Amino acid sequence: MRSLVDFFIKYGIILFFLLLEGISFFLVVKNNYFQRSSFYTSFAEVSNRLFLIREGVSSYFRLGSTNEQLAQENVELRNRVFELQNQVQMLKGGNGLRTVTIEYPQVLSADSDSIKRKDPKLEFTCFSARVINNTTGHLQNYITLNRGYSDGIREDMSVISAGGVVGVVMAVSDHFSIVMPVLNSKMQVSCKILADKKVQESLGNIKDIGSLVWPGGNPEYATMTNVPRHVPIKKGDIVVTSGYSDFFPEGIRVGSIEEFHPAEDDNYFDIKVRLSVKFSALEYVEVLNYKNRAEQAALEAKTRTEEK
Amino acid sequence: MNANPLRYLLFFVVLVLVQVLTLNNVHLFGYASPYLYIWFIILLPYATPRYLTLFLGFLLGAILDLMNATPGIHAFATTLAAGVSILALPYFMPHEDERDRVHIIPSMRSLGIGAFVKYSVLIVFVHHFALYAIEAFSFNHFFHLFFRVIVSTLFTLLLILSLEYFKMKR
């Protein structure tokens, strides 16, 4: 017993050191649980209020570029409105070009009233939010938003901005939420490449789906892998989301191809993608709620368990 | 700075705020950030109980982790730096007998400019190396990692040493 006490007096400091390092190391390894823990979210409420104050001050200094960004977005939206108006006109036959009747896929329910249904994969609702804390210098970056559970934000919702894909909500507290952006080495986005229309027609429908990951380092570029070597791509081709994951809707812009070369010893390309979102100056984002996610996930999970 | 615990508490809070609210947003060459908060460990008095030094290191890192949403990374690095500071500080002390040493708080004046710079380089390097290595969790891109550590270390040292120099001249 005496020797045990002696041992602790002599080596206690080393044991204490190892204990603290052990706790830290455990947290590092258990990474994802950390952000979801209630202790963290309650502490984050406090620190996020601090970030909110800082954001309030510093946003004044960015008003100029924010206005510019909004103006640009207005122009884009207006163009889109014109485009859609034209399409509507055309479909109505108002300009005498041709008459087309649109037929939605009809669903007849048991109680015999037929409902016109939209494409279930397109049923999204949208919340706007502001970025109040944002890192780009780490390998695992996170973004904090000023909207939380009480505003309708839930885990796994997708986040986009005027530029394109931002990330996925990974933790929510009452008034704030944390987003895992593309600039996080753990994030993977299923993407496809929009090739030239001519190329596409001559080659038929090519499956050019790959996944986008961020290798760290420069926050302007990410890497796209798993694109087969036979796919014709060129510098400047646009990369958009594939819609295959249950996070993002199809066709949200991700970036453009900067350079590419065959990956070592296999049949795929290594593609360097210039991200269209400027993460270091991110201010306003939109959080998308995919209404049918639960349904889709449940069905997929059910199929998977039945197959086993 | 004298060894008044209240002043250290204030210093702790100010360093955390400065780090989280401003310095975390500075990325030199896109990816090297200064981590000024490690200054707190460097300035702990020689007479600080060893358990307290380790605990304060852990606490400092843990708070940074909570604010940055980076679990355990800062806590690991600061605890390691605190451990190294316990072992290394005696070697950088001027040769006086133990009774005088008890009152020493590391600074350019008390240790001498040369010794203080060497001590700071050691602590900052150990901290930054641990921080970046555990963040990357691999030595796969060792030279890239090493480059980040070096640039960051120089950046942090520049801040600490210039602030210390002003303190000495004042």
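The values are calculated or read from the model by the stated rules, or taken from the named source; none is laboratory data. Note that this is a predicted model, so its numbers are computed, not measured. Virtual Cβ from ideal backbone geometry, glycine too; neighbours counted across all protein chains shown.
With B:Phe129, B:Phe58, B:Phe147, B:Phe116 as the choices, which residue is within 13 Å of another protein chain (Cβ to nearest Cβ) and surrounded by 20 or more Cβ atoms within 10 Å (Cβ to Cβ)?
When all the criteria are applied, what remains is B:Phe58.
Is there a residue in the stretch B:117-126 that is within 21 Å of A:Asn184 (Cα to Cα) and touching a Phe, Trp or Tyr at 6+ places or on another chain (Cβ under 9 Å)?
no
Output the residues belonging to the stretch A:252-270 that are part of a loop (DSSP other than H, G, I, E, B) and surrounded by 18 or more Cβ atoms within 10 Å (Cβ to Cβ).
A:Ile252
For the stretch A:284-298, check the following and say yes or no: at least one residue is crowded, with 20+ Cβ neighbours inside 10 Å, without any contact (Cβ under 8 Å) to a residue 60 or more places away in the chain and outside any loop (DSSP other than H, G, I, E, B).
Taking every residue of the stretch A:284-298 in turn, none turns out to be crowded, with 20+ Cβ neighbours inside 10 Å, without any contact (Cβ under 8 Å) to a residue 60 or more places away in the chain and outside any loop (DSSP other than H, G, I, E, B).
In the stretch B:66-82, how many residues are surrounded by fewer than 24 Cβ atoms within 10 Å (Cβ to Cβ) and of a type outside the set (A, V, I, L, M, F, W, C)?
Total satisfying the criteria: 2.
Does the stretch B:87-95 contain at least one residue that is in a loop (DSSP other than H, G, I, E, B), crowded, with 16+ Cβ neighbours inside 10 Å and either out of contact with any strand residue (DSSP E or B) (no Cβ under 9 Å at 6 or more places or on another chain) or within 8 Å of chain A (Cβ to nearest Cβ) (or both)?
yes
Restricting the stretch A:232-278 to residues that are polar (S, T, N, Q) and over 30 Å from A:Glu300 (Cα atoms), which is nearest to the chain's Cα centre (by Cα)?
Top of the filtered list is A:Ser276.
Can you name the number of the only condition in (1) over 23 Å from A:Ile209 (Cα atoms); (2) basic (Lys, Arg); (3) at pLDDT 85 or above that A:Lys308 fails?
(3)
Quick check on the stretch A:47-85: of everything there that is among the aromatic types (Phe, Trp, Tyr) and free of Cβ contacts under 8 Å to residues at least 40 places away in the same chain, which residue is surrounded by the most Cβ atoms within 10 Å (Cβ to Cβ)?
The extreme case among them is A:Phe82.
Could you say whether any residue in the stretch B:98-109 is modelled with pLDDT under 85 and at positive phi?
Within the stretch B:98-109, not a single residue is modelled with pLDDT under 85 and at positive phi.
Sort through B:Leu44, B:Leu52 and tell me the only one that's assigned to a helix (DSSP H, G or I) and under 26 Å from B:Leu111 (Cβ atoms).
Step by step, each of B:Leu44, B:Leu52 is checked, and only B:Leu52 is assigned to a helix (DSSP H, G or I) and under 26 Å from B:Leu111 (Cβ atoms).
Within the stretch A:98-121, is there a residue that is of a type in the set (D, E, K, R), modelled with pLDDT of 70 or more and surrounded by 10 or more Cβ atoms within 10 Å (Cβ to Cβ)?
No, the conditions are met nowhere in the stretch A:98-121.
If you scan the stretch B:47-78, which residues turn out to be of a type in the set (Val, Ile, Thr), more than 26 Å from A:Asn134 (Cβ to Cβ) and more than 15 Å from the chain's Cα centre (by Cα)?
B:Thr48
Can you find a residue that is modelled with pLDDT of 85 or more, under 24 Å from A:Ala297 (Cα atoms) and surrounded by 19 or more Cβ atoms within 10 Å (Cβ to Cβ) anywhere in the stretch A:216-229?
no
Which one of these does B:Phe142 not meet: (1) farther than 25 Å from A:Glu21 by Cα; (2) out of contact with any helix residue (DSSP H, G or I) (no Cβ under 9 Å at 6 or more places or on another chain); (3) not charged (D, E, K, R)?
The single condition B:Phe142 does not satisfy is (1).
When the residues of the stretch A:1-13 are narrowed to those that are under 21 Å from B:Arg50 (Cβ atoms) and more than 9 Å from chain B (Cβ to nearest Cβ), which ends up nearest to the chain's Cα centre (by Cα)?
Within the stretch A:1-13, the match that is nearest to the chain's Cα centre (by Cα) is A:Tyr11.
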